[in-house]
Amino acid sequence: MSEAAKHRVLVVDDEPNIVELVSMALVFHGFAVEGAGDGREAIAKAASFKPHLMILDVMLPDMDGFEVARRLGAQRAGIPIIFLSARDSTQDKVRGLSGGGDDYMTKPFSLEELIARVQTVLRRSGQASPESSQLVFGDLELDEESREVRRAGEPIELTPTEYRLLHYLMINPRRVLTRAELLDHVWEYDFGGDSRVLETYISYLRKKIDASGPSMIRTVRGVGYGLQRPKG
């Protein structure tokens with residue numbers, strides 16, 4: 001966390017509760033954070049706070065996020081932007097990514113996934129420390145750089161598919177992921193509604209990560225799976 005604290009993130013959204021929640025999550029992961037509620041404040045904060053990354057809402061009261069990025073112009077050179085928006089059309093995503101954005105997330109979103117994307121964008125821009133590649137949930141650790149997985153300090157050998165499945169669960173902890181979501185994100189194509197392959201790999205993963213401690217993968221019948229902290 002000491003290395004992450006060197007990285008400053010500016011969170012821009014006109015909903016104070018979103019600024020507060022995102023800021024708290026970032027601070028917990030060791031980042032220095034400031035917030036802004038509209039485009040003009042964002043431009044001013046970008047000059048004074050000099051963030052390493054901006055999380056920028058598209059729909060602001062005085063100007064949209066795309067216009068904020070345009071007005072910052074050369075001032076934001078080297079400052080990656082992750083756009084947040086309730087707009088989920090392909091046209092909006094293309095506009096955001098082609099207008100200076102480095103990533104685009106739609107609302108509602110997972111805080112854990114947002115943190116993972118912040119770390120990924122910072123690494124891609126050459127600003128993040130190696131420590132930022134670590135995903136940690138309880139005593140379970142996953143290193144995105146080395147692809148090493150440990151629980152309670154003990155190494156766990158995973159196949160590529162098991163690794164992808166665990167990685168997606170870890171960037172969405174405490175969230176129940178549907179079978180369709182998992183099949184789409186882990187295998188990247190449709191199995192025609194046959195979830196038996198998913199159930200098989202969940203079983204494989206359980207045997208490996210639960211060998212060093214209590215069960216962490218929760219099953220919600222008729223819905224899907226998610227990570228949970230062991231009880232007791």
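Just so it is clear, none of the values below were taken in a lab; they were calculated from the coordinates. Since we're looking at a predicted model, the values are computed, not measured. Ideal geometry is used to build each Cβ from the backbone, glycine not excepted, and the neighbour counts take in all protein chains shown.
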Projected label distance in nm at Val176 and Arg71, using a 7 Å step from Cα toward the beta-carbon: 4.4
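When a footprinting reagent is the concern and you count Cβ atoms within 10 Å, what order do His167, His29, His185 take, fewest first?
Starting with the residue having the fewest Cβ neighbours, the order is His185, His167, His29.
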At R0 = 41 Å, FRET efficiency that the Cβ-Cβ distance of Lys207 and Asp14 yields, to 0.05: 0.30
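Count charges around Thr219 for me, please; just the other residues with Cβ under 10 Å from its Cβ, Lys/Arg as +1, Asp/Glu as -1.
Details: positive: Arg206, Arg218, Arg221; negative: Glu199.
Surrounding charge for Thr219 is +2.
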Beyond 30 Å between alpha-carbons counts as too far, so tell me which of Lys50/Lys107; Lys50/Lys93; Lys107/Lys208 fall in that bin. Lys107/Lys208
How far apart, in nm, are two points set 7 Å out from the Cα along the Cα-to-Cβ line at Asp143 and at Ala32? 2.8
Give the order of Leu198, Leu142 when sorted by the count of other beta carbons within 10 angstrom, beginning with the fewest. Leu198, Leu142
Work out, step by step, the length gained on full extension between Thr161 and Arg123: first 0.36 nm times the residue separation, then minus their alpha carbon distance; give nm to one decimal. 11.3 nm
R0 = 25 Å: FRET efficiency of Arg218 with Met59, Cβ-based, nearest 0.05? 0.15
Order of Tyr168, Tyr225 - criterion: other Cβ atoms within 10 Å of each residue's Cβ, fewest first: Tyr168, Tyr225
